[in-house]
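What follows is one structure encoded as structure tokens, with my remarks underneath.
The values are calculated or read from the model by the stated rules, or taken from the named source; none is laboratory data. Because the structure is a prediction, the values reported are computed rather than measured. Because the Cβ atoms are built from the backbone with ideal geometry, glycine has one as well, and the counts that use them run over all protein chains shown. Just so you know, the surface numbers come from the protein's heavy atoms only, side chains and all, with ligands and any DNA or RNA stripped out. Shrake-Rupley method; radii C 1.70, N 1.55, O 1.52, S 1.80 Å.
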Amino acid sequence: MATNEGDMFSAEIVNRGIESSGPNAGSLTFSVRVRRRLPDFLQSVNLKYVKLGYHYLINHGVYLFTIPILLVVFSAEVGSLSKEDLWKKIWEDATYDLASVLSSLAVFVFTFTLYFMSRPRPIYLIDFACYQPDDELKVSREQLIELARKSGKFDEGSLEFQKRIVMSSGIGDETYIPRSVIASSENTATMKEGRAEASMVMFGALDELFEKTGIRPKDVGVLVVNCSIFNPTPSLSAMIINHYKMRGNILSYNLGGMGCSAGIISVDLARDILQSNPGNYAVVVSTEMVGFNWYQGKERSMLIPNCFFRMGCSAVLLSNRRRDFGRAKYRLEHIVRTHKGADDRSFRCVYQEEDDQKFKGIKISKDLIEIGGEALKTNITTLGPLVLPFSEQLIFFATLVWRNFFGGGKSDKNSPSSNKPYIPNYKLAFEHFCVHAASKTILDELQKNLELSDKNMEASRMTLHRFGNTSSSSIWYELAYMEAKEKVKRGDRVWQLAFGSGFKCNSAVWRSMRRVTKPSSRNPWLDCIDAYPASLN
């Protein structure tokens, strides 16, 4: 389907050497490595993922098609009758066939009741909180490099590399970092330091959540905590239960090693548990311990996380109680999860290991953007049929069929646009976009490929600038930004998109239940919202 398959690949010669034995001993040998370049993932769509999306749509929305058909049939039947005939059919014929009328009514009531009782309970988001560390933990970009220099743990080459990355990262001068990481004399953070950071951010976010919602810790029936790097024993979820003295029959889960997309995975898990346990509250805590994975070696690919990750934590209160309809902020519409872990290159693109000096850190592959693009392509292709307007779905699907079966995608030198498929307009499906604030480069690529405007990407860029990459909690800082700007209105749809190690790409779609006014307190943006959007030169 591509115009030129060769344009999608690059080749390089590796493993040069001399054959040591055999009939070709003494001959030069080499291997050719072929790499796939950065994909323009909207230019190539895998049909099976579109099919999967339509499968989800039909399974969960068949009534959307049957009800209009029944209405059309009923209207056609009634429209063919005069007023007198209709009156006669209602009153006179019914007296002679009362059993049929009652039977039909019973079938209708039974069907409606069965549908109402069997459909999944709606999942409401009552409120959420994002932790804002104390000002004493603020660090500018220049201060970060100077502190690293004074620690004596980095050579000049490593310091210069980090400075170059930090200055072009899109991160501002007011992010937060545990200074004990650099000031510590140890080569790696201790468990004590990790627990101290975890207590600070998790309890800070949960205190805010309980204060905003008025929910007591003992009212919580489900607790899901995700933190990729720091997983002590007892677990982080046990730390929360112990601190707040939660009830003994609480259903608690602790997710580790799942990367920056784990926040949506946690929401998905909480949703499934709530469906099996009606009348409950669920709390989802998403965080990452920056200090516990601060790398102090010389490996360039492992120094990159030092430049982007900052302190942060979010706490979300979910409910499946119908009585919470009136006070909920959002209703969960869809979750679509994509996992590319079966591919070795995807599996190792974000990989925790030790370097040659036995320093522990996260190694970031140079293929990360390409691999992330492939995962995102799969995810949005599956999500599209669930959220796009019918007009967009029809045009997109017709274009896809034409390109796949009738050669509409073949290149034509006389028609440069013949090879460009129709790109669905996701701005028609969502009013707000919360794209994981990983780095400036990744946000630029996503904006270009999804054809989003600067306004669509504002929350993500401003969150990266103000708070840095807070891992799985970043999408909630972005939603908090929108609320502080009073952008969220009743009925608006919010798309949260995150990706992380594994390699995974996950989407969550929320619908606003009411207009969200500017909060009077307990929002991490309140002290600086008037200064945003900021210039990112």
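Beta carbons closer than 9 Å, at least 6 apart along the sequence or on distinct chains, pair a first residue in the range 261-282 that is under 18 Å from Asp127 (Cβ atoms) with a second that is buried (at least 24 other Cβ atoms within 10 Å of the Cβ) and among the aromatic types (Phe, Trp, Tyr) for Gly263/Trp476. Would you check if there is a residue in the range 238-257 being touching a residue at least 60 places away in the same chain (Cβ under 8 Å) and either within 23 Å of the chain's Cα centre (by Cα) or under 26 Å from Gly361 (Cβ atoms) (or both)? Within the range 238-257, one or more residues are touching a residue at least 60 places away in the same chain (Cβ under 8 Å) and either within 23 Å of the chain's Cα centre (by Cα) or under 26 Å from Gly361 (Cβ atoms) (or both).
Residue-level analysis places Gly279 outside the set of residues that are surrounded by 21 or more Cβ atoms within 10 Å (Cβ to Cβ) and modelled with pLDDT under 95. No other residue among Arg511, Arg522 is of a type in the set (D, E, K, R), modelled with pLDDT under 95, open to solvent by 10 Å² or more (accessible area, probe 1.4 Å) and not in a helix (DSSP H, G or I) apart from Arg522. Taking the range 146-247 as the region of interest, the helices (runs of 4 or more DSSP H) fully inside it that hold 3 or more residues being surrounded by fewer than 22 Cβ atoms within 10 Å (Cβ to Cβ) are 156-167, 191-213, 236-244.
Results for (1) modelled with pLDDT of 90 or more; (2) within 25 Å of Leu526 (Cβ to Cβ); (3) of a type in the set (Val, Ile, Thr); (4) in a loop (DSSP other than H, G, I, E, B), shown as yes or no for each residue.
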| position | (1), (2), (3), (4) |
| --- | --- |
| Phe430 | yes, no, no, yes |
| Phe433 | yes, yes, no, no |
| Leu443 | yes, yes, no, no |
| Asn449 | no, no, no, no |
| Asn456 | yes, yes, no, yes |
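Of all the criteria given as (1) assigned to a loop (DSSP other than H, G, I, E, B); (2) open to solvent by 50 Å² or more (accessible area, probe 1.4 Å), the one not satisfied by Asp530 is (1).
So Ser417 passes all but one of these: (1) modelled with pLDDT of 60 or more; (2) more than 22 Å from Asn506 (Cβ to Cβ); (3) part of a helix (DSSP H, G or I). Which condition number does it fail? All conditions pass for Ser417, except number (1).
Glu483 falls short on exactly one of the conditions (1) within 20 Å of Leu332 (Cβ to Cβ); (2) open to solvent by 10 Å² or more (accessible area, probe 1.4 Å); (3) of a type outside the set (A, V, I, L, M, F, W, C), and that condition is (2). Take the residues of the range 276-300 that are assigned to a helix (DSSP H, G or I) and over 24 Å from Ile475 (Cα atoms): which is farthest from the chain's Cα centre (by Cα)? If we take residues in the range 276-300 being assigned to a helix (DSSP H, G or I) and over 24 Å from Ile475 (Cα atoms), then Arg300 is farthest from the chain's Cα centre (by Cα). Search the range 150-200 for residues being farther than 17 Å from Val139 by Cα and in contact with a strand residue (DSSP E or B) (Cβ under 8 Å, 6 or more places away or on another chain), and hand back the single one that is modelled with the lowest pLDDT. Per the stated criteria, the residue is Thr188.
One line per residue, one yes/no per condition, for (1) farther than 30 Å from Gly326 by Cα; (2) in contact (Cβ under 8 Å) with a residue 60 or more places away in the chain; (3) touching a helix residue (DSSP H, G or I) at 6+ places or on another chain (Cβ under 9 Å):
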{"site": "Val494", "(1), (2), (3)": "no, yes, yes"}
{"site": "Gly500", "(1), (2), (3)": "yes, yes, yes"}
{"site": "Lys504", "(1), (2), (3)": "yes, yes, yes"}
{"site": "Thr517", "(1), (2), (3)": "no, no, yes"}
{"site": "Leu526", "(1), (2), (3)": "no, no, yes"}
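For the range 334-363, what are the residues that are in contact with a Leu (Cβ under 9 Å, 6 or more places away or on another chain) and open to solvent by 20 Å² or more (accessible area, probe 1.4 Å)?
His334, Val350
Under the condition of being more than 15 Å from the chain's Cα centre (by Cα) and surrounded by 24 or more Cβ atoms within 10 Å (Cβ to Cβ), the residues counted in the range 448-463 number 1.
The rows are residues; the columns are (1) touching a Gly at 6+ places or on another chain (Cβ under 9 Å); (2) closer than 30 Å to Asp454 by Cβ; (3) modelled with pLDDT of 75 or more.
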{"residue": "Pro389", "(1), (2), (3)": "no, yes, yes"}
{"residue": "Phe396", "(1), (2), (3)": "yes, yes, no"}
{"residue": "Gly408", "(1), (2), (3)": "no, no, no"}
{"residue": "Asp412", "(1), (2), (3)": "no, no, no"}
{"residue": "Pro424", "(1), (2), (3)": "yes, yes, yes"}
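Lys489 passes every criterion in (1) open to solvent by 10 Å² or more (accessible area, probe 1.4 Å); (2) touching a strand residue (DSSP E or B) at 6+ places or on another chain (Cβ under 6 Å) apart from (2). Looking at this structure, is Phe325 closer than 17 Å to His436 by Cα and open to solvent by 10 Å² or more (accessible area, probe 1.4 Å)? No; evaluated as a whole, the condition is false for this residue.
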